[in-house]
Amino acid sequence: MRVSVASAPVSFGVFEMTPEGADVITPDDMVSIVAEAGYGGIDLGPLGYLGCGEQLRRRLVGARLELAGGWVQLPFSDDDAFADSLATLRAVLRQFVIAAEAGPVRLPLPTLADDGSALRRSAPGRGAAVDPVSPRLRDRLYANVERAANVVRAVGLEPTFHHHVGTYVESSEEIDGLLNAVDIGMTLDTGHLVIAGGDPVEAVRLWGDRVNHLHVKDVDLGKLQRVLAAGGGMKEVWSSGAFVAFGAGDVDLSTVLSMLDDREYDGWIVVEQDVLNNCPDVALDEFVAQRADDQRNNRAALRAWA
């Protein structure tokens, strides 16, 4: 495989679900840990966390990291809300373009994802049962994904679409429907596919030619099932520690990576171990030390492929 390996702020508890005002690792400490662990890139994280404009570019160049991608969540199923959200998309894209001006080996991929619904987020893996997709909603979603993809391409970047638990593109059937309807590459997220009842190995077999971005996660299915059996939603999944260091979970990452290797996958591998620090007894420095150790182990686990 001709790949580059990136880490992500979500692996350090920094993402859209981080509580407002929470004590989190500083961006300089994060990029230092990521670079020292042997990663070549990092995801953008929440807009502004790594800085904007020249500050973002300096931080990446100083750590010898490239921007791998970044999560852009948009309300694709609501025409009016989607139109309002295009300003946010363009603001994020400006940061991608600025980061790319440093002359990266590999361009970043704006990672588009649906906003989903509160009902779906409350019932991981059961979205189709609790909040089914009507034909009208489906058609709006497909049309707006196509529009967003065109906005991304207009600035010289290639988009990718991220299926995600809690959204209207969660299950294998919903992923397949979108890929058949829209001209866009796929971010294969091994963890979110497992939560939605899918099989990452089968996903590579079915959609391997459409995968242009890879988010690798391992999942402890025992922890996951306990959360779901108790009626937990995605917040509880993130807080439970169900996303674990590679090798500590039940996802067959080795086969997934080997199959992509056979297909000569050429792109980013973004290591994600989604986690929230919701335990008041765990100090920030201890939490960061645990996350740093996990990310060193995760990078080492990929050495056979990258």
Item to check | Antiparallel DSSP beta bridges within the chain, percent to nearest 5 | outcome: 10
Checklist entry - Using a Förster distance of 35 Å, how high is the FRET efficiency between D252 and R210, based on the Cβ-Cβ distance and rounded to 0.05? => result 0.95
Checklist entry - Using the Karplus equation 6.51 cos²θ - 1.76 cosθ + 1.60 (θ = phi - 60°), what ³J(HN,Hα) coupling, rounded to whole Hz, does each residue of segment 225-233 give in order, writing x for Gly and Pro? => result 5, 5, 5, 5, 5, 8, x, x, x
Checklist outcome for this item: Sorted on mean Cβ neighbours within 10 Å (highest first), peptides 69-78, 50-59, 128-137, 158-167 come out as 158-167, 69-78, 50-59, 128-137
Next on the checklist: Need one word for the chain: rounded, prolate or oblate. Basis is the Cα gyration tensor (sqrt eigenvalues a ≥ b ≥ c); a/c below 1.5 gives rounded, then a/b vs b/c decides.
Outcome noted: rounded
Checklist entry - Which cross-chain or sequence-distant (5 or more) residues have an amide H under 5 Å from the amide H of D218, H modelled 1.01 Å from N in plane? => result V244
Checklist entry - Per the helix-only calculation at 222 nm, which mean residue ellipticity applies to the chain, given -39500 (n - 2.57) for every DSSP H run of n ≥ 4 and division by its residues, nearest 500 deg cm²/dmol? => result -13500 deg cm²/dmol
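When a/c reaches 1.5 or more, the comparison of a/b and b/c decides; with that in mind, is segment 162-306 rounded, prolate or oblate per its Cα gyration tensor?
It is oblate, given that a/c is not under 1.5 and a/b is not larger than b/c.
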Checklist entry - Tell me, what HN-Hα J-couplings in whole Hz come from the Karplus equation 6.51 cos²θ - 1.76 cosθ + 1.60 at θ = phi - 60° for each residue of segment 83-96, using x for Gly and Pro? => result 4, 5, 7, 5, 5, 5, 4, 5, 5, 5, 4, 4, 6, 4
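Where a number appears in this text, it was derived from the coordinates with a stated rule and is not lab data. For clarity, every value in this text was computed on a predicted model and none was experimentally measured. As a convention, Cβ positions derive from the backbone with ideal geometry for all residues, glycine included, and neighbour counts pool all protein chains shown.
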